[in-house]
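> Okay, here's the structure, questions in a sec.
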Amino acid sequence: MKKTLIATAVSAALMAPVAAQADVTVYGRVHQGIKLVNPEVGDSTTDFVGIGSRFGIKASSDLGNGMTASAHYEFATSSDTAGSGVASTRIATVGVSGAMGSITLGNQWSAWYNKVGVHVDPTFAVGGAYHIGPFRTANTIKYANSFGPISFEVDSRLDSGSDGGDGYGIGANLALNDNISLAIGTNDTETSTQTGAAVQVSFGNYWASIAQQSNDPDAGEADPSTTQFWAGGSFGNTSAMIGMGSRDNDMGDGAGNDPGDVTLGVYHNLGGGLKLLYEGHSNDSDDMGKDKTTHLFGIRLDF
């Protein structure tokens, strides 16, 4: 009996410092869907798809003097392919935050996307055809802070490979009042520069936004730009939104494909982290044979 008590006391003493080091949160999402694609030319397809399923761990610890250390791992899981397991690392950051703001290093959401991109594409899967600029970036250091109605992020990237090499991004959001906010941003890499702005208006359970973005590549004549409009609202446990967009590919001399699109999203919360969704996307292309309609029916559990 005494040996058991001594062993228990020793174990508790050894574990206490470990437990005190950081608060850890484990979370995840399994998101599955059935996707139907109907192209203008060619055969229609119906596929089972994974929609951003993930597994993540967050940790934070109090450093004192109002400072907090944090770390975040998030892995993309391939939920629609047998035996593939973890597909990639979505997020891997370590950082510190306090009254001076927050500094994070690693693979993370770009300043550009957090401020402008979220207004261009709020869908889960089908509406991102006209988003310009990076979503997440590797090898990134980011500083974020807020002052009254202004929040902003600045990031710098060192040789982030597929994200265009070295570069930086700046994004800011200004809450003009309780109902209207303005977002602006720029993203510069070794190959191109993106700029954009968005305005969102909310009134009760309803909202509307318009976003414009453009891309200026360092080589070539094409300077594509997009304009995207969204309106949505919530009705009890169900929310819905509709979007309309257009893209000017600016190929010069009237050439090039300048498509337009309409997107619809309906999302129903069943409770307990379980949601059902429908997303539909219709693309009207200038190029014959490239029009297509996509329907996505999904089920998602967050835990």
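The values are calculated or read from the model by the stated rules, or taken from the named source; none is laboratory data. Given the structure is predicted, the values throughout are model-derived calculations rather than measurements. Quick reminder, even Gly has a Cβ in these numbers, built from the backbone with ideal geometry, and neighbours come from all protein chains shown. What goes into the accessible areas is simple: the full protein's heavy atoms, side chains included, and nothing from ligands, DNA or RNA. Shrake-Rupley method; radii C 1.70, N 1.55, O 1.52, S 1.80 Å.
> How high is the FRET efficiency from Val26 to Phe229, r the C-beta distance, R0 41 Å, rounded to 0.05? Display every interim value, and only then the final one.
Details: r = 38 Å, r/R0 = 0.93.
Approximately 0.60, to the nearest 0.05.
> Hey, another quick one. At a Förster radius of 45 Å, what calculated FRET efficiency corresponds to the Cβ-Cβ distance of Leu36 and Ala92, to the nearest 0.05? Please report the intermediate quantities before stating the final value.
Values: r = 35 Å, r/R0 = 0.77.
Using R0 = 45 Å, I get an efficiency of 0.85.
> Label points 7 Å out from Cα along the Cβ direction at Asp80 and Thr293: separation in nm?
With each label point 7 Å from Cα toward Cβ, the separation is 2.0 nm.
> Then there is this: Per residue, how much accessible area does segment 165-237 have with a 1.4 Å probe, in Å²?
Roughly 50 Å² per residue, with all protein chains present.
> Can you give the net charge of the other residues whose Cβ lies under 14 Å from the Cβ of His72, counting K and R as +1 and D and E as -1? Present the calculation step by step, with values, prior to reporting the outcome.
On the way: positive: Arg54, Lys58, Arg90, Arg136, Lys142; negative: Asp23, Glu74.
In short, +3.
> When the Karplus curve 6.51 cos²θ - 1.76 cosθ + 1.60 is applied with θ = phi - 60°, which whole-Hz ³J(HN,Hα) does each residue of segment 87-101 get, with x for Gly and Pro?
The phi angles translate into 8, 6, 9, 7, 9, 8, 9, 9, x, 9, 9, x, 4, 7, x Hz.
> Ok, one more. How far apart, in nanometres, would the label points at Val262 and Ser285 be if each is projected 7 angstrom from Cα along the Cα-to-Cβ direction?
2.0 nm
> Would you mind pulling out the separation of the Cα centroids of segment 204-247 and segment 92-119, in Å?
22 Å
> Right, another one. Under a 5 Å amide H to amide H cut-off, with H placed in plane at 1.01 Å, what residues pair with Asp80 once short-range neighbours are removed?
Those qualifying (amide H under 5 Å, at least 5 residues apart or on another chain) are Gly50.
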